[in-house]
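Every number in this text was worked out from the coordinates using simple rules, so none of it is lab data. Nothing here was measured: the structure is a model prediction, and the numbers come from that model. Cβ placement follows ideal geometry from the backbone for every residue including glycine, while neighbour counts extend to all protein chains displayed.
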Amino acid sequence: MTELRTFHPRRPTTIDPTRVVARYDAPSDTLLVHFTGTGRPGVSVPADVVGDALWRVDPETDEIVGLQLEGFRHAGYDRRAPYAALGALVGSTPQALAVESALAALFRALPVE
């Protein structure tokens, strides 16, 4: 029998803006934002009551390592703050201030411990 695990997502203590990577997958209409670069394992945990916004959580530490937005364009996230600012990071080399501003707005909209 498989045991269910409860995750308690924790806000990262620091995020290096130069390591933030944003990717948009058009076929699945999914925006992925990696807070610590790519390659760090994470499980998807609901970040909002609707369930389209998912924290990517390190399964060992419960630290949030990213964000996954399902239906990014279809659900209108690309036109709503703070998510539109995250979408603007895709395919660019954004300035650190733009990254910090987008992440600060995100954590205000989806508060965690």
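Between Ser44 and Thr2, the FRET efficiency estimated from the beta carbon spacing at R0 = 22 angstrom works out to 0.85.
Angle check, please: helix 96-109 long axis (alpha carbons) against the longest principal axis of the chain (alpha carbons), in degrees 0 to 90, nearest 10. In the chain, helix 96-109 runs at an angle near 50 degrees to the longest axis. Remark: the stretch 6-15, residue by residue, has Karplus-estimated 3J(HN,Hα) of 9, 9, 10, x, 10, 5, x, 5, 9, 10 Hz, where x stands for each Gly or Pro and the curve is 6.51 cos²θ - 1.76 cosθ + 1.60 at θ = phi - 60°. For Phe72, the shell of other residues with beta-carbons less than 12 Å away shows a net charge of -1, using +1 for Lys and Arg and -1 for Asp and Glu.
Which net charge results for the neighbourhood of Thr38, defined as the other residues with beta-carbon distances under 10 angstrom from its beta-carbon, given Lys and Arg at +1 and Asp and Glu at -1? Mind showing how you got there, number by number?
On the way: positive: Arg19, Arg23, Arg40; negative: none.
Counting the neighbours of Thr38, the net charge comes to +3.
On the principal axes of its alpha carbon atoms, the chain extends 44, 31, 25 Å, with the longest extent given first.
In a fully extended conformation the segment linking Arg108 and Ala84 would gain 7.2 nm over its present Cα-Cα distance, using 0.36 nm per residue.
Express in nm, to one decimal, how much length is gained between Glu60 and Asp25 on full extension, taking 0.36 nm for each residue of separation and deducting their alpha carbon distance.
9.9 nm
Less than 12 Å Cβ to Cβ from Asp29, Lys/Arg counted +1 and Asp/Glu -1: what total charge do the surrounding residues give? Spelling it out: positives minus negatives among the neighbours equals -3. Between Ala75 and Arg11, what is the label-to-label distance in nm when each label sits 7 Å out along the Cα-to-Cβ direction? Each label point is offset 7 Å from its Cα along the Cβ direction, giving 2.1 nm.
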